[in-house]
1. Scan the stretch 51-74 for residues that are loosely packed, with under 14 Cβ neighbours inside 10 Å and over 16 Å from Trp130 (Cβ atoms) and report the count.
2. Checking Leu310 against (1) closer than 18 Å to Leu192 by Cα; (2) of a type in the set (A, V, I, L, M); (3) at pLDDT below 90, only one condition comes out false. Which one?
3. Please specify each residue of the stretch 285-318 satisfying the condition of being touching a residue at least 60 places away in the same chain (Cβ under 8 Å) and in a helix (DSSP H, G or I).
4. Which of the numbered conditions does Leu338 fail, given that it passes all the others? Conditions: (1) touching a residue at least 24 places away in the same chain (Cβ under 8 Å); (2) more than 26 Å from Pro186 (Cα to Cα); (3) not aromatic (Phe, Trp, Tyr).
5. Looking for something in contact with a Leu (Cβ under 6 Å, 6 or more places away or on another chain), of a type in the set (D, E, K, R) and either part of a loop (DSSP other than H, G, I, E, B) or under 27 Å from Ala37 (Cα atoms) (or both) - is there at least one such residue anywhere in the stretch 259-268?
6. Among the residues of the stretch 10-50 satisfying the criterion of being hydroxyl-bearing (Ser, Thr, Tyr) and not in a loop (DSSP other than H, G, I, E, B), which is surrounded by the fewest Cβ atoms within 10 Å (Cβ to Cβ)?
7. Would the stretch 192-201 turn up any residue that is among the acidic types (Asp, Glu) and either over 18 Å from the mean Cα position of the chain (by Cα) or not assigned by TED's automatic domain parsing to the domain that holds Arg257 (or both)?
8. Suppose the filter is touching a strand residue (DSSP E or B) at 6+ places or on another chain (Cβ under 7 Å), in the same structural domain as Ala319 (by TED's automatic domain parsing) and part of a helix (DSSP H, G or I); does Phe239 pass it?
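The values are calculated or read from the model by the stated rules, or taken from the named source; none is laboratory data. Just so you know, these numbers come straight off a predicted model, no measurement behind them. Note that each Cβ is placed from the backbone with ideal geometry, even for glycine, and that neighbours are counted across all protein chains shown.
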Amino acid sequence: MSAAGGPLRVAFHAPMKPPDHPNPSGDRRIARLTLQALEGAGFAPFVASTLRTLEMAGDPAAQAALEAQARAEAARLVETLRPDPPALWFTYHSYWKAPDLIGPAVCAALDLPYVISEPIHAPRRREGPWARFAEAAERSLAAADLLLWSTARDLPMLQRLPGLRLAEWAPFIDLGPPPAPRLPPPGPLRLLAVAMMRPGDKLASYAALAEALARPEAPDLRLDIVGDGAARGAVEALFAPLAPRVRFLGAEADPVRLRQAMEAADLLVWPGVNEGFGMVYLEAQAAGLPALAEDRPGPRHVLPGPPAGLPLPPPGDPAAFAATLAALDADRARLAALRGTVRAHAEARHGLEAASARLRELLTPLLRR
């Protein structure tokens with residue numbers, strides 16, 4: 001796909017956090033990965049605007065000020081891009097706290113195809129302090145030619161909006177090189193959990209994991225926990241009955257060392273309470289590390305089922321979680337075989353190449369030559 005001998009240009013915008021923002025986060029990482037996927041699909045993406053429309057306080061005056069800035073930014077972009085308009089506008093993540101206030105206006109003025117990935121529709125936000133931005137987010141969704149959903153829990157609300165074209169774009173990461181094959185060594189299972197320690201869903205997952213590992217059905221094991229945060233004291237208290245089989249390694253910001261920890265472990269264990277999809281499950285698969293989660297929409301969406309993966313025990317059933325661990329402990333050959341199958345699943349569905357191929361398939365019909 002090229003114009004005048006080169007790849008077609010795609011305007012990119014991330015209203016919540018631009019890809020060059022100085023503070024690392026999952027949103028910045030996904031924005032950067034999306035740019036890589038667009039390049040892999042044969043396009044030439046460029047960041048059209050770095051204006052953030054994120055408004056966390058629910059302040060209507062602040063939202064009105066951001067709308068005024070966005071109108072000025074859209075007008076500037078229309079004049080700048082009009083002589084040589086891009087082939088398409090691509091927005092990552094428009095929702096009720098950070099709606100895309102720029103893309104719809106630019107696309108309407110320049111007659112551009114408009115695509116949003118990871119859109120969120122939250123009708124209950126039409127009332128309350130974010131009502132203004134919730135309505136703006138709905139207008140952006142209505143204006144889109146294509147909405148790319150990646151999180152299973154977002155789909156039901158999106159399907160309530162009439163006349164919109166929805167397509168799945170599976171979560172993805174840069175998988176890196178395949179890990180070296182190895183057999184699980186003898187001795188206790190080496191389990192790994194990787195998650196921030198904060199109140200709410202993360203703490204609930206830690207509590208579910210601690211309860212499962214303390215069950216009599218659970219085998220002899222060793223657990224390393226990578227993570228830190230405000231709820232660390234509560235997490236340590238949850239696992240105190242399992243000492244000294246549990247090590248707290250603290251947060252790990254270095255992706256190389258985290259990958260090494262995953263390659264050295266036998267199994268990732270993370271229940272996944274209310275996870276959107278759980279980036280950690282993708283990172284584990286990239287490292288050839290099988291993962292055990294509860295049977296919830298987020299983990300179910302990205303983890304392979306049997307025979308390539310593991311059966312997921314029901315939510316809130318620590319005995320079933322522990323029984324699955326015991327079965328794996330008794331069948332180390334199966335655990336070793338899973339290392340290859342989970343990596344193959346990631347390559348087929350959740351790697352950059354797969355993401356780029358899917359984008360090429362979905363975006364090509366929108367192009368106006």
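1. Number of matching residues: 3.
2. With respect to (1) closer than 18 Å to Leu192 by Cα; (2) of a type in the set (A, V, I, L, M); (3) at pLDDT below 90, Leu310 is out only on (3).
3. Gln285, Ala286, Pro297, Gly298, Arg300, His301, Val302, Pro318
4. (2)
5. Taking the stretch 259-268 first, the residues in contact with a Leu (Cβ under 6 Å, 6 or more places away or on another chain) are 262, 265-268.
Checking the rest, the ones that are also of a type in the set (D, E, K, R) come to 266.
Filter again for either part of a loop (DSSP other than H, G, I, E, B) or under 27 Å from Ala37 (Cα atoms) (or both), leaving 266.
Yes, the conditions are met somewhere in the stretch 259-268.
6. Restricting attention to the stretch 10-50, the residues satisfying the condition of being hydroxyl-bearing (Ser, Thr, Tyr) are 25, 34, 49-50.
From the residues that got through so far, the ones that are not in a loop (DSSP other than H, G, I, E, B) too are 34, 49.
Details: Thr34: 25, Ser49: 22.
The qualifying residue surrounded by the fewest Cβ atoms within 10 Å (Cβ to Cβ) is Ser49.
7. No: the stretch 192-201 contains no residue that is among the acidic types (Asp, Glu) and either over 18 Å from the mean Cα position of the chain (by Cα) or not assigned by TED's automatic domain parsing to the domain that holds Arg257 (or both).
8. The answer is yes for Phe239.
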